[in-house]
Amino acid sequence: MSMHSLYLLVPLAPLAGSLLAGLFGRQLGRAGSHTVTILGVALSFLASLVIARDVFAGHLFNGPVYTWLSVEDITMSVGFLIDPLTVTMMLVVTFVSLMVHIYTIGYMEEDPGYQRFFSYISLFTFSMLMLVMANNFLQLFFGWEAVGLVSYLLIGFWYTRPTAIYANLKAFLVNRVGDLGFLLGIGLILAHFGSLDYATVFERAPLVAHDTIELVSGSPVSLMTVVCILLFIGAMGKSAQMPLHVWLPDSMEGPTPISALIHAATMVTAGIFMVSRMSPLFELSETARSVVLVIGASTALFMAFLGIIQNDIKRVVAYSTLSQLGYMTVALGASAYPVAIFHLGTHAFFKALLFLGAGSVIHAMHHEQDMRNMGGLRKYMPITYVTALIGSLALSGIPPFAGFFSKDAIIEAVQASSLPGAGYATFAVMAGVFVTAFYSFRMLFMTFHGKPRMDEHTREHLHESPWVITLPLILLAIPSVVAGYMAIDPMVMGNYFGNAITVLPGNGGLHVLREEWHGVGAFMAHGVTALPFWLAIAGIACAAAFYLKWTGVPDIFMARLRGLYTLLDNKYYFDRFNEIVFAGGAREVGTGLWRVGDMRLIDGVMVNGSANLVGRLSARLRRVQTGYIYHYAFIMIFGVFILMSLWFVKA
Amino acid sequence: MTFATPNLVPVYPEIFLLVALSAILIADLFVSETHRFLTYAYTQLALVGTAGFLVLGATGVPLTTFGGMFVDDPMARTLKLVAVLAVALMLAYSRSYNQQRGLFRGEFHVLILFALLGIMVMVSANHFLVLYLGLELLSLSMCALIALQRDSAQSTEAAMKYFVLAALASGLLLYGLSMLYGATGSLQMALVSNSILSGSADPAILVFGLVFVVAGLAFKLGVVPFHMWVPDVYEGAPTAVTLFVSTAPKIAAFAFFMRLLVGALGSLVSDWQSMLVIVSVLSMLVGNVTAIAQTNIKRMLAYSTISHMGFLLLGILSGSLGGYAAAMFYVVAYVLMSLGAFGVILLLGREGFEADQLDDFKGLNKRNPWVAFMMLLIMISMAGVPVSVGFFAKLSVLSAVLDAGMTWLVVVAVLMSLIGAFYYLRVIKLMYMDEPEDTTPIVAEADHRILIGLNALAILVLGILPQPLIDLCLASITQSMRG
């Protein structure tokens, strides 16, 4: 099989699986449906492995597969760009997806929508692969919207729950805001570069680096800054950066495998991937990178705070995801794109692991998600416990787990950055380390340690989950341990990405990082003496103190810091603000338009008004038909008169 | 003075028809009341024979005879054939209606044939006097037909109105023709045309005459403001006669326009174009708007006819061969639709009951889904909905007007047909969404039902495959109007 057809196989195998399970799910049955979809994704994963070997042997690919339409000199086509960046994403996506597919067999075994679920997650895999493999903006946008759609469908998978419907509508609407920015950015690129093809756009980018456009006439702004910020707004929607993060915690209404696959490991990282892919553009605008840096840093810190007070096990992981996405964004802002992708990869493993671990707990607890009703699960679910511990250590950044390497690399890159806002960002990511360690071990202790707090009935039925659930946990735990250690040298320090990522000389910390690099061992040795490591240890110690030893302390804090707690409990009032200003405002405007525009103008004047007019005219004209022959004759003569006078007027 | 025998070959269809109808007139005297069906059969035979002469004698090139007074060209052949077909269908649809009302008599059939002869003469007229001869033959026969139910006050009144107004219109027409004769010194169309082209005619007198000619023509077509007879005659005449009035004479009127305005006065196109624009817009407006207020379906269809004739004029006034062909396509499509619509009304009627109120169509779908579906096809075609012949008829005239550069007129026409869609769709709503008020079973002769089905399906088929008919019209017009 040629490489070319292998490229096609990667996205099409999951699509075929999805269509089979979706359209013929009833005929295939449950086992048939999960077999075809898992087969599709496994095929896709194996193909990705083969492609990866080929790529690292130096065979890149960039070309169209199918031309969709051609208007004048703009060609829109489906095409693939296969380079190290793409291959990394392909491996992450297909591997996590495969794990989630297997896990779903156990997790969803009693759900009536079994086939539908498999069809959706395979469709998601297809969409995500189309997104990362695209070689042009149009296909990127297609994948972007397609993953958004599947995310919408899956958050509302249990469509009879009002909260699920509310959550998926919210995700959809918030993403609209981001997508509008993204679309505007793409439009601006098409207008100024005359092409949607990555290669062409990147080639022309330096030529227009100093162009300006006037958004408000009279005040020119840099074209690159506007383009990059618009694209980043798209990334903010998908990757849930403040203030467009509000949909992600609510998306936990979806089944847990989805939270792992879409809302932790893959889709939410699409924004990070996109910005990395666009590095030739972002490198040209310092302002845009500064914006990226500040927004990322704020998300990293403030979302981590929210993780502390959550009691729902999935929500803790969700806020942790938000915070980690913030870390990745910070790396992007500091021009350390490889570091962002590195963290994306390690995070995908340990966060999927944590989510699936949480899912395993929820499954064992009969869909109980409140940590206050758990405790002591360690002895009932040893495999889940150990894997969750590995995930938490990785998340907290304890060496030698994967998270340590990527997080430390980010912190060092930010420290080396000289952009406006870098000081704030450095503080935020440092403080974030403490908070992260605190909330992740708080979760671990509340769930697995201490006295069991669940009711008798649940405790009697507690047992370790079946192998389809624990196998993915184990398979994900392995990279969570070793991925950082193994990948940091080639991926961040070496020339792994080749030309896929552009970093201009003098921009940011990556260069500094590479200069100071003396191998993995030295990096680790340096790590345990540096501040972030001790912050993480302090976080774990605090968690242990508050939730294992002096369990009364958190309540005292809560009582003392009432105001702060309320602020956090209301998630900084983002939701209230949106509900009142945007949702309420939109409803007011809508009602106004409906009353005045629709009822009065369109219905009143245009529709009913014209119908009325015709009706009245009709009644009048009808009366002309009097039935008297002399009236008729008179009208005829009058007609002749009219025609004649017309001629006189013309003459 | 020598008298050369004119070439009679081009006139064979007319001669055959005249001979046949004279024979029927006499034969009918010897047919007893119980065997009146024979008269009907003879009449249909005469029509078949005429059609046969028309088809077999077609040469494809224009021929003139009687010293250039009579012309036989592809347009004439096609239009005559459509007229014969329309009359044959009309007779089939109205047979049982006439039987139930004592109208199934020799006079009816003979008068119809005379009217048809008048139509055929008009279609082939190449001389003002021949044109007038055909016109009067048609008008007088129609007048007698309208009054055929002489005990009915309504019929008599309608006939009376038609007679007086037709006389007035004839007067206007003759006055106009005399002006043209005065200006050009000829009654022959070709010579009139040459005289105007040579510039020897006084333009003031010409246009003065033109105004009266257009008025006379407009009366025949029944367009605003010469339309006042149309609703009263449609309502007052027996439905069988209404069916006739609404179909075949429109073909004659179209030919009348083509021969007189295009053939003889073609070089005055800029003058008659603006007149026709006014008449056409007024017809579409008054026709469509007034139709909405009607409760009687015959009156509603009368106003619908007025608006259709306004659309037909759009094709003629565009002043191009394509426009004339579009108008010809329109008249053929209109005749098909009108035959179908009145055919359904005749089918629903029974002894002592005329299905001429809109309310009589309520719940027709429950009473007889097949007939309701046929009526549905006819109504959507009249409204000009796609996948019906009415859509292509409207489309082709509108594109001709667009080609002539009168975009505003297209907009007006589309708006008017939008208003018109209301009352056509109302019929459909009554048939499909309302409960029937009258649950008497619908009985109809087999031939009537089959022909209505074919009629409505023809509307559908020509809506899907309109090209052959469009090509036929274009070929007829280009071959006839070039010379």
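The values are calculated or read from the model by the stated rules, or taken from the named source; none is laboratory data. Worth saying up front: this structure is predicted, and the values here are computed from it rather than measured. All Cβ positions, glycine included, derive from the backbone under ideal geometry; neighbour counts span all protein chains shown.
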Cβ-Cβ under 8 Å, sequence separation 6+ or interchain: first residue in the range A:500-511 and of a type in the set (Val, Ile, Thr), partner modelled with pLDDT under 75. Which pairs?
A:VAL503/A:LEU510; A:VAL503/A:HIS511
Given the conditions (1) part of a helix (DSSP H, G or I); (2) touching a strand residue (DSSP E or B) at 6+ places or on another chain (Cβ under 8 Å), and given that A:GLY79 satisfies all but one, which numbered condition is not satisfied?
(1)
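Could you identify the single residue in A:ILE637, A:ILE556, A:ILE580, A:ILE602 that is modelled with pLDDT of 80 or more and of a type in the set (Val, Ile, Thr)? Before you say what the answer is, go through the steps one by one.
Details: A:ILE556 fails: modelled with pLDDT of 80 or more; A:ILE580 fails: modelled with pLDDT of 80 or more; A:ILE602 fails: modelled with pLDDT of 80 or more.
Only one candidate passes the filter, namely A:ILE637.
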Does B:ALA218 satisfy the criteria of being within 11 Å of chain A (Cβ to nearest Cβ), touching a Pro at 6+ places or on another chain (Cβ under 9 Å) and of a type in the set (A, V, I, L, M, F, W, C)?
yes
Could you check, for the range B:309-318, whether at least one of its residues is more than 20 Å from the chain's Cα centre (by Cα) and either away from chain A (no Cβ under 14 Å) or crowded, with 22+ Cβ neighbours inside 10 Å (or both)?
yes
Exactly one of (1) buried (at least 18 other Cβ atoms within 10 Å of the Cβ); (2) within 14 Å of chain A (Cβ to nearest Cβ) is unmet by B:ALA167. Its number?
(1)
Being part of a helix (DSSP H, G or I) and farther than 22 Å from A:TRP144 by Cβ is the requirement here; does A:PHE117 meet it?
yes
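From the set of residues in the range A:499-542 that are part of a helix (DSSP H, G or I), within 29 Å of the chain's Cα centre (by Cα) and modelled with pLDDT under 75, which is surrounded by the fewest Cβ atoms within 10 Å (Cβ to Cβ)?
So, considering only residues that are part of a helix (DSSP H, G or I), within 29 Å of the chain's Cα centre (by Cα) and modelled with pLDDT under 75, the one surrounded by the fewest Cβ atoms within 10 Å (Cβ to Cβ) is A:HIS511.
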Is it the case that the range A:72-83 has a residue that's within 22 Å of A:THR256 (Cα to Cα) and crowded, with 18+ Cβ neighbours inside 10 Å?
no
Considering only the range A:432-448, state which residues are more than 16 Å from A:GLY376 (Cα to Cα) and either of a type in the set (Val, Ile, Thr) or surrounded by fewer than 24 Cβ atoms within 10 Å (Cβ to Cβ) (or both).
A:VAL433, A:PHE434, A:VAL435, A:THR436
Restricted to the range A:265-290 and to residues being assigned to a helix (DSSP H, G or I) and among the polar types (S, T, N, Q), the residue surrounded by the fewest Cβ atoms within 10 Å (Cβ to Cβ) is A:THR287
Among the candidates B:ALA325, B:ALA302, which residue alone is of a type in the set (Gly, Ala, Ser), closer than 30 Å to B:GLY102 by Cα, touching a residue at least 12 places away in the same chain (Cβ under 8 Å) and crowded, with 23+ Cβ neighbours inside 10 Å?
B:ALA302
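So that you can scan it fast, the table gives a plain yes or no per residue for (1) in a loop (DSSP other than H, G, I, E, B); (2) in contact with a helix residue (DSSP H, G or I) (Cβ under 7 Å, 6 or more places away or on another chain):
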{"residue": "B:THR5", "(1), (2)": "yes, no"}
{"residue": "B:VAL11", "(1), (2)": "no, no"}
{"residue": "B:LEU17", "(1), (2)": "no, yes"}
{"residue": "B:THR43", "(1), (2)": "no, yes"}
{"residue": "B:GLY49", "(1), (2)": "no, yes"}
{"residue": "B:THR59", "(1), (2)": "yes, no"}
{"residue": "B:THR78", "(1), (2)": "no, yes"}
{"residue": "B:ALA92", "(1), (2)": "no, yes"}
Picking from B:ALA446, B:ALA421, which residue would you name as being out of contact with any Gly (no Cβ under 9 Å at 6 or more places or on another chain), surrounded by fewer than 21 Cβ atoms within 10 Å (Cβ to Cβ) and free of Cβ contacts under 8 Å to residues at least 60 places away in the same chain?
B:ALA446
Taking the condition of being more than 28 Å from A:TYR630 (Cβ to Cβ), within 14 Å of another protein chain (Cβ to nearest Cβ) and assigned to a loop (DSSP other than H, G, I, E, B), how many residues in the range B:227-272 meet it?
1
Taking the range B:116-138 and keeping residues at pLDDT 95 or above and in a strand (DSSP E or B) leaves none
Among (1) among the polar types (S, T, N, Q); (2) crowded, with 17+ Cβ neighbours inside 10 Å; (3) out of contact with any His (no Cβ under 7 Å at 6 or more places or on another chain), there is one condition B:SER152 misses while meeting the rest; what is its number?
(2)
Here is a list: A:VAL201, A:VAL174. Which entry is out of contact with any Gly (no Cβ under 7 Å at 6 or more places or on another chain) and either within 30 Å of A:VAL246 (Cβ to Cβ) or not aromatic (Phe, Trp, Tyr) (or both)?
A:VAL201
Does the range A:560-587 hold any residues that are basic (Lys, Arg) and touching a Leu at 6+ places or on another chain (Cβ under 8 Å), and which are they?
A:LYS571
Taking the range B:274-308 only, how many residues are over 26 Å from B:ALA248 (Cβ atoms) and within 11 Å of chain A (Cβ to nearest Cβ)?
8
Taking the condition within 12 Å of chain A (Cβ to nearest Cβ) and of a type in the set (Ser, Thr, Tyr), does B:TYR181 pass?
no
Helices (runs of 4 or more DSSP H) enclosed by the range A:543-651 - at least 2 residues per element that are hydroxyl-bearing (Ser, Thr, Tyr) and within 14 Å of chain B (Cβ to nearest Cβ):
A:610-624, A:629-650
Answer yes or no: is there a residue in the range A:324-344 that is under 25 Å from A:ALA413 (Cα atoms), surrounded by fewer than 24 Cβ atoms within 10 Å (Cβ to Cβ) and of a type in the set (Ser, Thr, Tyr).
no
